[in-house]
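The values are calculated or read from the model by the stated rules, or taken from the named source; none is laboratory data. What you are looking at is a predicted structure, and each value in this text was computed from that prediction instead of being measured. Backbone-built Cβ (ideal geometry, glycine too); neighbour counts: all protein chains shown. Protein only, heavy atoms only, side chains kept; ligands, DNA and RNA dropped before computing areas. Shrake-Rupley method; radii C 1.70, N 1.55, O 1.52, S 1.80 Å.
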Amino acid sequence: MYVSITGLRLRSIWHYPQFGYHAMCSKQQAEKALGNLSTQTTSANGIQHTLTVWKDRDSMIKFMASGAHAKAMKITSDVASFIRVYGYETDKVPTWEEAIAIWAEKGRDHGIR
């Protein structure tokens with residue numbers, strides 16, 4: 001299985017409506033995507049996180065590059081001050097505590113100008 005962990009910090013509270021709309025649409029897309037096993041979201045320390053679990057990396061890539069998620073990625077640099085992502089193959093789904101620790105240690109900053 002493939003686990004993808006994402007976290008981003010919004011530039012200001014004024015970006016929550018735009019972010020929320022895209023996050024909701026992306027979550028709905030992920031839940032219906034072929035190969036998706038789990039889709040979770042949380043907020044911790046002012047950072048908006050997603051934790052998705054996929055049958056394999058190819059399933060995640062197909063989701064990431066299409067539909068609502070592709071649209072959301074186009075506005076990320078407008079609404080977020082940073083975004084960090086990390087994905088890996090595993091046999092065990094991490095808890096939120098484990099996922100955030102892994103993301104903080106191994107994640108790479110991505111796509112903010």
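Spatially close Lys pairs in the chain, defined by Cα atoms under 25 Å apart and a spacing of eight or more places or different chains, total 20. Can you bin region 1-64 into rounded, prolate or oblate? Criterion: square roots of the alpha carbon gyration tensor eigenvalues sorted a ≥ b ≥ c, rounded for a/c under 1.5, prolate for a/b above b/c, oblate for the rest. Judged from the Cα gyration tensor, region 1-64 comes out prolate (a/c at least 1.5, a/b above b/c). Helical runs assigned H by DSSP (4 residues or longer) give the chain a calculated mean residue ellipticity at 222 nm of -13500 deg cm²/dmol, each run adding -39500 (n - 2.57) before division by the residue total.
Model label sites at D91 and L37, defined 7 Å from Cα along the beta-carbon direction, differ in position by 1.2 nm. Entry comment: accessible area of the chain is 60 Å² per residue, from protein heavy atoms only and a probe of 1.4 Å.
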